Structure formats: structure tokens, C-alpha cells
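Remarks on the structure that follows.
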Amino acid sequence: MSAPDPSTVRLEGPWTHRDVSANGIRLHVAELGSGPAVLLLHGFAGFWWSWHGQLRALAEAGFRVVAADLRGYGDSDKPPRGYDGWTLAGDVAGLVRALGERRAHLVGHAWGGLLAWSVAALHPRVVESVSVLGGAHPLALRSAIGHSWWRRHGQARAMRHLLRFQVPMVPERRLVAADASEVERLTRSWSGADWPSRDGFPESMRRFRHAMRVPGVAHSSLEYYRWAFRSQFRGDGRRFAQSVADRVAAPVLQIHGADDPCVLPDTALESAPWRGPGSRFALLPAVGHFPQLEAPDRTNELLTRFLRGE
């Protein structure tokens, strides 16, 4: 089976696809609506389409909604370097400015949530608010993994894929083998019990598996994890941790699945010291690692009220 062309992730819909130059690379975005800017940042193994339900709902609520393919994903550039926290945060901040906006509400899932929180710390002038789905503050996650490393249960065990992803080449091959079936296996294992049995799940898996097979995506997506792990033993990781250590000034909304087996709810709750004034935390019952896909209506309601300041 031949690898798909990157342009095939530009799925049709009410949105507009375009390329934006930011931080020295080209980023593909899907855009819908007008009003205050909301920038949607996907997580591992996803791409802009992860937010198709939020694009519509937030645009109808009166926002300019932009869903991006992160560096290395979808139809965005896939350079060999730049998967460190500093550069990735620079991509997001640069994208806000390249869109012609002074500030934007950042909404991120998992890795996208880590980036949103990092941008709020490193580039606070471009951030209106931060919403994190299925994620935690970078230092809360780092601390939880470290404290549970030798326990039978805990955050380290929940993210044991972090270690598997450090091996050269083998994880890349596994991600794309058998029509990227590993993407579906991981998604099933991280989701709540109900979502895989619902009608929308097969379509999501078809989209995600296709996007992972785009040349370069498997390697680039793993480079995020490799920098996150290896940098902890180097000076750049220590400097990054110091740079994001202060409480952010922006309000933060955390939406988390009560059944999330990847980023545990306790880890998400431990992010409280880094949330700015006016922050909120919502725990969704019977939802796993993907609130925007597993419980789109409830997620859209929470996001809309938070973004409106209600």
C-alpha cells in the first residue's frame, strides 16, 4: 500500500484550508468563523480533523476558529529538527501572529495542551486563555511520572509507551505497519469504554490511520516524545522546566475524562499550581483520553462558556 500524499488530509467541509508561514516553517490550518481567535492544537497521532466538531460549534458560537496541523503532522512541514519545547511553542506563538491576531485562545489536546500551557509561559502576550483536554501541565506530568516510576500502578505505568518510543526506527515501523493499525490499538486502549462502540469511532480511526501514513509523520510524532524524555537529562530540559515553572497569567480550563488511562485524572488535578486566576476544572464521567471526540457536545458547551467568560 502506497503512502498517501500529505494534501489528502485536507478534508472537505465548511472550513477553509490554507498554509501559513510561522517560525520558519509552513503550517497547514483549517479555518471557520469570525470573531475572537481560537487556535486548536491536536495531540499525538491526530491532526487538524481531531477538532472537526469543535470547528463547527465554536464558529457558530461567534469565534474565528483555526485548527492547525502541528509541526511534523498532516500537511504541515516535517523538518528533521525542531521538536523541542522551545521551538514548538515558538511555532504556536508565531502562528497566532501570522494569522494577523494579537492574542488567541489556545485549546490543546494532550501534546497540544502541553504546548498551549508552554506558550502561555513563554509567550504570554499572545495568549488570551488556555484550555487543556486530556492533558496536564508539563511539570505536573514530569513530577507524576518521576514519583510513580517504580510503582506497579501510577502515571509512569500509564505512559509506558514513552519508553517504547525512545527506541530508534522500530516504533516508526510499527506505527505505519498494517495500515497503521497500531494507531487504532493505542486509541482504543486510551479511550473510555463506550466510544469504540459508537458510530463515529470507525470514521475517526480511518482518518487517524490515514494521516499517520503520510510520509514523515510517524517519525516526527515520535520526536516529540524523544525530546521530552531525553531533555530531562540535559541542560536544555532543565532550562525549559525553569522557564515554564511560574503560574501563568491566563485563565486555564482543564477538561478531563474520569476514565483517562493515559494522563491520569490525579495528574491533571496536580496542575492546579500553574493555573491562572479564573481557572476551572471539569471532570467528565465515562470519558477517556479524547473528550473532544468522546463527548463532543459536553466539551463544546464547556469550551464555549469558558471562552465567552461565562
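When 1/r is averaged over all different Cα pairs and the result inverted, which Kirkwood radius in Å belongs to the range 52-129?
On the way: mean 1/r = 0.0763 Å⁻¹.
Kirkwood hydrodynamic radius for the range 52-129: 13.1 Å.
Got a sec? What order do 12, 101, 128 fall in by accessible area at 1.4 Å, biggest, i.e. largest, first?
12, 128, 101
Just to check I understand the Karplus step: with θ = phi - 60° and J = 6.51 cos²θ - 1.76 cosθ + 1.60, what whole-Hz values come out for the range 117-126, glycine and proline as x?
5, 5, 4, 4, 7, 8, 9, x, 5, 9
Quickly estimate the mean residue ellipticity at 222 nm for the chain, helices only: each DSSP H run with n ≥ 4 gives -39500 (n - 2.57), and the total goes over all residues, rounded to 500.
Theoretical 222 nm ellipticity from helices: -12500 deg cm²/dmol.
In terms of the Cα gyration tensor, with a ≥ b ≥ c the square roots of its eigenvalues, is the range 1-141 rounded because a/c is under 1.5, prolate because a/b exceeds b/c, or oblate?
Rounded, since a/c falls under 1.5.
Based on the Cβ-Cβ distance from residue 308 to residue 98, what FRET efficiency comes out when R0 is 25 Å, to the nearest 0.05?
Details: r = 25 Å, r/R0 = 1.02.
The computed FRET efficiency comes out at 0.50.
Select from the range 43-93 those trypsin sites (Lys or Arg not before Pro) which occupy a DSSP coil region and have at most 13 other Cβ atoms within 10 Å, ordered by residue number.
Qualifying residues, ordered by number: 81.
For residue 181, what is the net charge nearby, where nearby means another residue's Cβ is under 12 Å from its Cβ and Lys, Arg count +1, Asp, Glu -1?
Around residue 181, the surrounding residues sum to +3.
Using the heavy atoms of the protein chains and a 1.4 angstrom probe, tell me the accessible area per residue for the chain in square angstrom.
Each residue of the chain exposes 41 Å² on average to a 1.4 Å probe.
Under the rule a/c < 1.5 gives rounded, and otherwise a/b versus b/c splits prolate from oblate, where does the chain land using the Cα gyration tensor?
It is rounded, given that a/c, with a ≥ b ≥ c, falls under 1.5.
May I ask for the equivalent-ellipsoid semi-axes of the range 1-76, computed as the square root of five times each C-alpha gyration tensor eigenvalue and listed largest first in whole Å?
Details: eigenvalues 90, 39, 23 Å².
After diagonalising the Cα gyration tensor, the semi-axes are 21, 14, 11 Å.
Give the share of C-alpha pairs in each 5 angstrom bin for the range 155-310, from 0 to the last occupied bin, in whole percents, shortest bins first.
Using 5 Å bins, I get a P(r) of 2, 8, 13, 15, 19, 18, 15, 8, 2, 0 for the range 155-310.
Can you pull the Rg over Rh of the range 208-274, Cα-only, Kirkwood?
Radius of gyration over Kirkwood radius for the range 208-274 works out to 1.05.
Working only with C-alpha atoms, what are the Rg and Dmax values of the range 68-222, expressed in angstrom?
16.7, 49
In the chain, carbon and sulfur make up what percent of the accessible area (probe 1.4 Å)?
52 percent
Give the shape of the range 153-235 as rounded, prolate or oblate, defined through the alpha-carbon gyration tensor: a ≥ b ≥ c are the square roots of its eigenvalues, a/c under 1.5 means rounded, and otherwise the shape is prolate if a/b is larger than b/c and oblate if not.
Verdict is oblate for the range 153-235.
Go from 0 up to the bin containing the longest alpha carbon distance in the range 244-300, width 5 Å each, and give me the % of pairs per bin.
Each 5 Å bin holds this share of Cα pairs: 5, 20, 27, 21, 18, 9, 1.
The values are calculated or read from the model by the stated rules, or taken from the named source; none is laboratory data. Values in this document were obtained by computation on a predicted structure and should not be read as measured data. Positions of Cβ are generated from backbone atoms using ideal geometry, with glycine treated the same way; all protein chains shown enter the neighbour counts. The accessibility values were calculated without ligands, DNA or RNA, using every heavy atom of the protein model including side chains. Shrake-Rupley method; radii C 1.70, N 1.55, O 1.52, S 1.80 Å.
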